[in-house]
Amino acid sequence: MRALYADGRKRVSKVFCMVTIAGRSHGGRFLGLYKEENLPVNLVSLGTGTASSEMMDYFGLETGEKIVLFSMVTLESWKRLKRKMEHKLNIDIPGTGISFIVPLSSVGGKKALEFFLSQQEFEKEEETQLKNTEYELLIVISDFGYTNLVMDAAREAGAGGGTVVHAKGTGMEQAEKFLGVMLAAEKEMTFIVTRSGRKNEIMKAVMKKAGMDSKAKSIIFSLPVTETAGLRITEDWEDDTETLDS
């Protein structure tokens, strides 16, 4: 995992984005466990199940409203949480929920990384690269109402469109300790898929124009995308743009 600093330097460690999806009635139990385990920084969003009945039956999930939790964890924290989710929350029992982790490839700044990890300890490692990561998923977390500022900055650096999800942040009181500012609880998460070669420029542009020194108070990180579908139009548009610019 690389922490992308403003001057382009990189630092590496094992950090993951943990995603938990559960019925809305179970959300409080998961949040309580995460707080117990010193994971106060979470993003909470509501969703609706859209999978087929066969798929829902396979995972033991009910249709209807879901709660989606996003947290940053080290590998050691994940292993500990997984055991507790199995033993204390009975996540293996059908209907409770599912949880998984995705490796981070970059985080926009050292302070943002410390904010995400809070009291978790992590060890920097040599950089490793996943295969077939032609694309990256950039996730921008900003205060509510500043999506246009985020997307304007991203587009100026070569990004296409984005998808926005409304979420509520928990543990925002930690922001002053790590970031030196207070953050609002209401958040917007902007998801942008881009070519890996353009990732750093887009992240730097968002950090500069919509980052912690702006009204948006944005934090940005990226996840590797190993497989894609439906991006042919984007690829053709980018190729045509590059041809016109050359």
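The values are calculated or read from the model by the stated rules, or taken from the named source; none is laboratory data. Bear in mind that the values here come from a model prediction, so they are computed numbers and not experimental data. Methodologically, a virtual Cβ is constructed for each residue, glycine included, from the backbone with ideal geometry; neighbour enumeration extends over all protein chains shown.
Here are some notes:
- Strands (runs of 3 or more DSSP E) completely within the stretch 134-221 that count 3 or more residues being hydrophobic (A, V, I, L, M, F, W, C) and buried (at least 18 other Cβ atoms within 10 Å of the Cβ): 135-143, 186-195
Residue by residue, here is whether (1) among the hydroxyl-bearing types (Ser, Thr, Tyr); (2) modelled with pLDDT under 90; (3) closer than 21 Å to Val102 by Cβ holds:
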site: Ala154; (1), (2), (3): no, no, yes
site: Ala157; (1), (2), (3): no, no, no
site: Thr163; (1), (2), (3): yes, yes, yes
site: Glu176; (1), (2), (3): no, yes, no
site: Ala216; (1), (2), (3): no, no, no
site: Arg232; (1), (2), (3): no, yes, no
site: Trp237; (1), (2), (3): no, yes, no
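- Considering the stretch 92-106, and only residues there that are in a loop (DSSP other than H, G, I, E, B) and under 22 Å from the mean Cα position of the chain (by Cα), the residue that is surrounded by the fewest Cβ atoms within 10 Å (Cβ to Cβ) turns out to be Leu104.
- Qualifying residue in the stretch 18-29 (condition: touching a helix residue (DSSP H, G or I) at 6+ places or on another chain (Cβ under 6 Å) and at pLDDT 85 or above): yes
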